[in-house]
Amino acid sequence: MQFCIAIICFVFSLGCNLSDDTKRLPGGHTYVNEGHCYKYILVNIKDGPNIESCVLEFKYDDNYITVAQIDEIKCEQSTPINTKDKKFFIIDTKKEKLLGPFTHLDFKVKFGELHISEILSLE
């Protein structure tokens, strides 16, 4: 009986860990997906804060990482998400700077000022 309980506990512990996902990004930054509303970016900049849950979308190239995020409360709700609900960030991987949070309009302005490739645009 104890053996069966041990096997069941082992299977459940593996199940939890297999759902996690990480992705290495340029500049030593890391995207972590631990489930529905637990998605964040570990920012590899000295004294720089991480971009906390919930990261909705990110795009990157060798120079920049762009990120759209909502707070956990909005994430847990089943209502549609619009651009007013989002915060936007830009990570300059070459200069090691985290810019933001921005509103969508301010994000677009900074995006243009930095001449970031349109491939990294977020809505």
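Taken together, the values in this text are just the output of simple stated rules run on the coordinates, not laboratory data. No experiment lies behind these values; they were computed from the predicted model shown. Cβ placement follows ideal geometry from the backbone for every residue including glycine, while neighbour counts extend to all protein chains displayed.
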Among the residues of the range 101-123 satisfying the criterion of being in contact with a Lys or Arg (Cβ under 7 Å, 6 or more places away or on another chain) and not in a helix (DSSP H, G or I), which is farthest from ILE51 (Cα to Cα)?
LEU122
For the range 94-107, give me each residue that is under 11 Å from THR66 (Cβ atoms) and of a type outside the set (Gly, Ala, Ser).
LEU99, PHE102, PHE107
Taking the range 73-87 and keeping residues without any contact (Cβ under 8 Å) to a residue 24 or more places away in the chain, within 22 Å of VAL109 (Cα to Cα) and surrounded by 11 or more Cβ atoms within 10 Å (Cβ to Cβ) leaves ASP85, LYS87
What are the pairs, 6+ residues apart or on separate chains, where a residue within the range 88-107 that is in contact (Cβ under 8 Å) with a residue 12 or more places away in the chain and within 15 Å of LEU25 (Cβ to Cβ) has its Cβ under 7 Å from a residue that is buried (at least 17 other Cβ atoms within 10 Å of the Cβ) and hydroxyl-bearing (Ser, Thr, Tyr)?
ILE90/TYR64; ILE90/THR66; ILE91/TYR64; ASP92/TYR64; THR93/TYR64
